[in-house]
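The values are calculated or read from the model by the stated rules, or taken from the named source; none is laboratory data. Here the structure is a predicted model, which is why all the values come from computation and not from measurement. Note that we place each Cβ from the backbone using ideal geometry, even for glycine, and neighbour counts take in every protein chain shown. Accessible surface areas use protein heavy atoms only, side chains included; no ligands, DNA or RNA. Shrake-Rupley method; radii C 1.70, N 1.55, O 1.52, S 1.80 Å.
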Amino acid sequence: MLSYHSRHWKENARGRADFGSLLFSAPDHFDMSNGPDRKLSIHSAAFPDIGTSLLGVTSSGHEIDLADDKYLTVMIPTRGRTHVHMDRRKSVIEEGAALALGPSERWTRVEKGNRRDFRANLVKISLDAAPVRHILPVVAGDPVLPIAPNALAGFKALMDYLFRDLASPMPTLIHRPASDLFAALVLEHIRMLFLTGMDEIIDDTPRHALVGRAEDYMVAHLGEPLTVPIMAEALGVSVRQLQDAFRQSVGQSPWERLTAHRLDRARRRLLAGGGPSVTAIAFDCGFSHLGRFAQTYRAAFGEAPSTTFRRARAHSNAIRTDATQSG
């Protein structure tokens with residue numbers, strides 16, 4: 001179940017450590033930077049079942065000193081920059097870049113960009129959470145972890161959608177099943193973020209047979225919060241092997257095929273005019289990101305899902321009216 005918190009720092013407020021604990025675990029020091037119009041807001045969405053929290057931070061500038069031994073943290077500045085000092089090592093994260101850090105002692109300072117408040121997305125992943133252990137890189141001596149730069153834009157867009165929904169008057173992602181489906185989507189984005197060639201092939205299961213088994217599994221579990229690692233584990237193969245089998249057999253990734261099956265089921269449900277709403281049908285078919293569902297549906301079928309649904313409902317109503325008048 002997702003839990004959401006939104007906090008806004010005030011100049012005369014007490015308990016500044018509360019903000020530090022939201023950003024990081026066990027901060028030794030946290031303070032706002034000097035200057036006029038100081039401000040800090042933090043939006044935090046926690047997914048306890050997968051040991052992951054997503055945060056949106058806006059700040060006029062602050063610094064924090066900590067020793068973090070429980071989390072893997074990904075910092076993604078979208079405006080301004082972040083300075084990180086670890087022993088004798090210094091890193092500066094500019095807009096559009098990111099830094100992934102394992103357990104470490106560090107000092108961090110954020111600053112404005114072009115006189116506008118600093119903004120960033122953060123991902124906090126518990127190293128003790130079982131669902132993410134098999135998709136995270138091994139954290140060795142170097143706390144700086146490699147990430148896939150081409151996965152950043154998608155992850156940022158996912159978090160932007162999440163916080164827009166949670167801040168709306170009637171959020172959909174705060175409730176199940178939407179929160180569980182969205183958590184699965186978060187796991188998939190985390191896996192893509194750390195997809196740097198560490199997966200390895202376990203056996204030599206024939207590709208076509210594996211794809212057939214995988215597609216059967218997808219169809220049987222479309223409405224559940226599936227991820228590629230979950231499917232690979234259920235089929236007894238590695239993530240890399242499952243990906244290679246799909247790529248070489250059907251020219252798509254497992255996630256793309258799963259999305260195609262979900263779209264097909266949603267299309268059939270919408271054409272039948274079944275379900276109380278487009279949103280309910282989307283959730284039933286395994287979609288949690290309603291904006292992405294509408295976009296991919298339109299790309300696949302040339303119209304919005306709401307258009308399909310209204311047309312089907314109008315057709316059904318017309319048939320019922322004709323039957324009533326004939327009777």
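Accessible area of residue 172 (1.4 Å probe, protein heavy atoms only, ligands and nucleic acids ignored): about 40 Å².
Over the chain, dividing the summed -39,500 (n - 2.57) contributions of all DSSP H runs of at least 4 residues by the number of residues returns a 222 nm mean residue ellipticity of -13000 deg cm²/dmol.
Long hydrophobic helices in the chain: the complete DSSP H runs spanning 18 Å or more by Cα along their own axis with mean Kyte-Doolittle hydropathy of at least -1.0 are 152-166, 178-193, 207-220. Taking all protein chains together and rolling a 1.4 Å probe, residue 233 ends up with roughly 140 Å² accessible.
With the contact rule set at Cα under 8 Å and sequence spacing of 6 or more, what percent relative contact order holds for the chain? Averaging sequence separation for qualifying contacts and normalising by length gives 12 percent for the chain. Taking 70, 39 and ordering them by how much accessible surface each has at a 1.4 Å probe, largest first, produces 70, 39. Working from Cα pairs under 8 Å separated by at least six residues, relative contact order for region 162-290 is 29 percent. For residue 71, the solvent-accessible surface computed with a 1.4 Å probe is close to 60 Å², ligands and nucleic acids excluded.
Placing +1 on the Cβ of every Lys and Arg and -1 on the Cβ of every Asp and Glu, with no other charges, gives region 179-300 a dipole of roughly 620 debye about its Cα centre. Rounded to the nearest 20 debye, the dipole magnitude of the chain is 1240 debye, with +1 charges on Lys and Arg beta carbons, -1 on Asp and Glu beta carbons, and the Cα centre as origin.
Residue 216 versus residue 153, label points 7 Å from Cα toward the beta carbon: distance in nm? In this crude spin-label approximation the distance works out to 3.9 nm. Considering only 150, 137, 168, and ranking their Cα positions along the charge dipole of region 91-168 that arises from unit charges at the beta-carbon of Lys, Arg, Asp and Glu, the one farthest toward the positive end is 168. Taking a straight line from the alpha carbon of residue 70, these lysines sit under 24 Å away, with near neighbours fewer than eight places off in the same chain left out: 90, 124, 156. On the beta carbon distance between residue 133 and residue 316, with R0 = 41 Å, the FRET formula returns roughly 0.25.
Comparing 315, 189, 221 in a Gaussian network model of the chain where C-alpha atoms under 10 Å apart are linked, the largest mean-square fluctuation is found at 315.
Using only the Cα atoms of the chain, build the gyration tensor, take square roots of its eigenvalues as a ≥ b ≥ c, and label the shape rounded, prolate or oblate: rounded if a/c is under 1.5, else prolate if a/b is larger than b/c, else oblate. Judged from the Cα gyration tensor, the chain comes out oblate (a/c at least 1.5, b/c at or above a/b). Counting 0.36 nm for each residue step from residue 70 to residue 114 and taking away their Cα separation leaves a gain of 12.4 nm.
Given R₀ = 56 Å, FRET efficiency for residue 168-residue 208 by Cβ-Cβ distance, to 0.05? So, using R0 = 56 Å, E works out to roughly 0.80. What is region 146-270 by shape, rounded, prolate or oblate, if you read a ≥ b ≥ c off the alpha carbon gyration tensor as root eigenvalues and call it rounded for a/c under 1.5, prolate for a/b larger than b/c, and oblate otherwise? Oblate, since a/c reaches 1.5 and b/c is not below a/b.
Label-to-label distance, residue 268 versus residue 240, with points set 7 angstrom from Cα along the beta-carbon direction: 3.6 nm. Residue separation of residue 160 and residue 176 scaled by 0.36 nm, minus their Cα-Cα distance, works out to 3.8 nm of gained length. Could you tell me which of rounded, prolate or oblate describes region 26-107, using a ≥ b ≥ c as the square roots of the eigenvalues of the alpha-carbon gyration tensor, with rounded for a/c under 1.5 and, failing that, prolate when a/b is larger than b/c and oblate otherwise? Here region 26-107 falls in the rounded category.
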